[in-house]
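Only the coordinates and a few stated rules stand behind these numbers; no lab work does. Keep in mind that what you see is a predicted model, and the values were worked out from it rather than measured. Here the Cβ positions follow ideal geometry from the backbone for every residue, glycine too, while neighbour counts run over all protein chains shown.
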Amino acid sequence: MNTEPAPGVVARIDALLPQTQCTRCGYAGCKPYAAAIASGEAGINQCPPGGSATIAALAALTGRPVQALNPVHGVETPPRVAWIDESRCIGLSPRRIRRRSIACVSKRTLRGC
Ligand code: SF4
C-alpha cells in the first residue's frame, strides 16, 4: 500500500536509521529508504546495519509489527570500529568508510571522520 506520508514523517524515520548510506536496504541511502517506508513501499526490516534495534524503533514509530531482519538484505553483525594510526594513514574517504559500514575513529580526536 503506497500512501502520501504526512509532513515530517520521512525525517523522523530517517533519524532512526544508522546513516551509513550503504544501500543494503535496496535504496540509494537512508533517506530514500525512509521515504519508501513512509509511503508504504518498503518494509521496516531491510536495514542490516540497524538490525533489530532499528526495526523495533521503526515499528514503534510507524505502528507496524516488529519483524525479523529480511535476510535478502543481509544479516545483523556487531558494530565495527576502525582505529586510525594517523601517522600511517594514507586517507580513506568517508564514502568508502560508509560503504564498509564501519565507524572511523581517530585516536587523537575520538570523533568520526
Ligand atoms: S541499509 Fe540502513 S544504513 Fe544502509 S542505506 Fe539503507 S537505511 Fe541506511
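Diagonalising the gyration tensor over the Cα atoms of the range 1-89 and scaling each eigenvalue by 5 before taking the square root yields semi-axes of 26, 15, 11 Å, largest first. For the pair Arg12 and His73, what calculated FRET efficiency results from E = 1/(1 + (r/R0)^6), where r is the Cβ-Cβ distance and R0 = 25 Å, to the nearest 0.05? About 0.70, to the nearest 0.05.
For Ala60 and Arg80, a Förster radius of 22 Å and the Cβ-Cβ distance give a FRET efficiency of 0.25, rounded to the nearest 0.05.
Among Cys22, Cys30, Cys47, a tally of other beta-carbon atoms within 10 Å of each Cβ gives an order, fewest to most, of Cys22, Cys30, Cys47.
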